[in-house]
Amino acid sequence: MPVPPTAPALRAVAARAAEAGLFLDFDGTLSEIVLDPGEARAARGASSVLARLARSWRSVVVVSGRSAADLARRVRAPGVRLLGLHGVEEIRDGEVRVLPRAEAARAAVERAAARLERDLAGVRGAHLERKGLALAVHFRRARDPEEAERIAGSAVVAAAAAEGLAVVSGRMILEVRAREGGDKGDALRRIAREEGLRAILVAGDDVGDLPAFRAAGELEACCRVAVASDESPAELTGEADLVVGSPADLVALLRRLARGT
Ligand SMILES: [Mg+2]
């Protein structure tokens with residue numbers, strides 16, 4: 001899907017790159033969704049164009065529901081900030097730092113995971129992933145992902161409620177995490193404050209990116225890019241300034257930004 005060359009929101013942000021940020025999701029945005037999340041790779045050329053943009057834009061951030069350590073194995077771009085667990089973690093110089101207030105949820109998440117390990121044992125195709133301060137239940141490998149999610153959903157909601165945690169749904173995934181301060185909107189506001197950003201380009205493919213789309217609107221200029229797929233939530237494409245057809249198309253757009261065209 002070609003990018004409209006005159007997209008005004010894109011031009012407004014690119015024109016002030018020196019005080020602007022890029023805030024990009026990983027799975028489905030910089031990488032194609034694959035059956036096994038462990039096999040996901042950044043689209044060709046993504047890491048190198050991000051490193052290049054980090055030299056001219058004020059801040060380049062990749063933010064993911066993955067742990068920061070996992071993300072660091074998939075994006076190798078000097079100068080790019082890597083945030084995990086929707087912004088609760090950041091990896092710097094090989095060391096994972098956690099927002100101090102987020103640490104309080106670790107024991108509750110572990111108890112919820114232990115309960116789900118038991119409760120989901122009989123649900124075929126539901127895969128529990130422990131991520132420390134969050135957990136995820138994946139359904140993509142189920143024969144019927146919708147059915148598996150329907151069966152597992154009430155157990156996930158019950159385990160989260162028992163521990164005072166939130167359930168957030170995404171593309172064939174349910175995540176359990178702390179109720180407060182753990183979404184990409186909070187992360188975007190924090191980065192904007194820290195880096196003194198006045199403009200931002202946000203890109204995402206899923207409902208978890210909506211809080212970032214909304215927080216981006218609080219800056220002086222923003223461009224919200226939805227990476228479309230058969231699974232795209234209508235809400236996300238509806239709130240986007242630009243829609244691209246794939247992670248490869250997003251990388252092409254980033255290359256244009258890097259060239260200044
Ligand atoms: Mg995504």
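Nothing in this text is a laboratory measurement; each read-out follows from the coordinates by a stated rule. Everything numeric in this text was worked out from a predicted model, so none of it was measured. Positions of Cβ are generated from backbone atoms using ideal geometry, with glycine treated the same way; all protein chains shown enter the neighbour counts.
Distance between the modelled labels on Glu220 and Ala252, one decimal in nanometres: 3.2 nm (7 Å Cα→Cβ projection). Between Gly28 and Ile33, the built amide H atoms are under 5 Å apart, and every one of these is 5 or more places off in sequence or on another chain. The largest-to-smallest principal axis extents of the Cα set in the stretch 1-86 are 38, 29, 22 Å.
What FRET efficiency do you get for Arg76 and Ala166 if R0 is 35 Å and r is their Cβ-Cβ distance, rounded to the nearest 0.05?
0.65
Across the stretch 181-187, coupling constants 3J(HN,Hα) worked out from phi with the 6.51/-1.76/1.60 Karplus curve, θ = phi - 60°, read x, x, 10, 6, x, 4, 5 Hz, and Gly and Pro carry x.
Rounded to the nearest 20 debye, the dipole magnitude of the stretch 1-124 is 340 debye, with +1 charges on Lys and Arg beta carbons, -1 on Asp and Glu beta carbons, and the Cα centre as origin.
Taking 7 Å steps out from each Cα toward its Cβ at Ala114 and Glu95 produces label points 3.1 nm apart. Normalising the Debye intensity of the stretch 117-160 to I(0), with uniform scatterers on Cα atoms only, and taking log10 at q = 0.32 Å⁻¹ returns -1.26.
Highest GNM mean-square fluctuation among Pro211, Pro145, Pro100, for the chain modelled with Cα contacts below 10 Å: Pro100.
When the chain is treated as a GNM, springs tying every alpha-carbon pair under 10 Å, which of Ala112, Ala234, Ala221 comes out with the largest mean-square fluctuation? Among Ala112, Ala234, Ala221, the largest GNM mean-square fluctuation belongs to Ala234.
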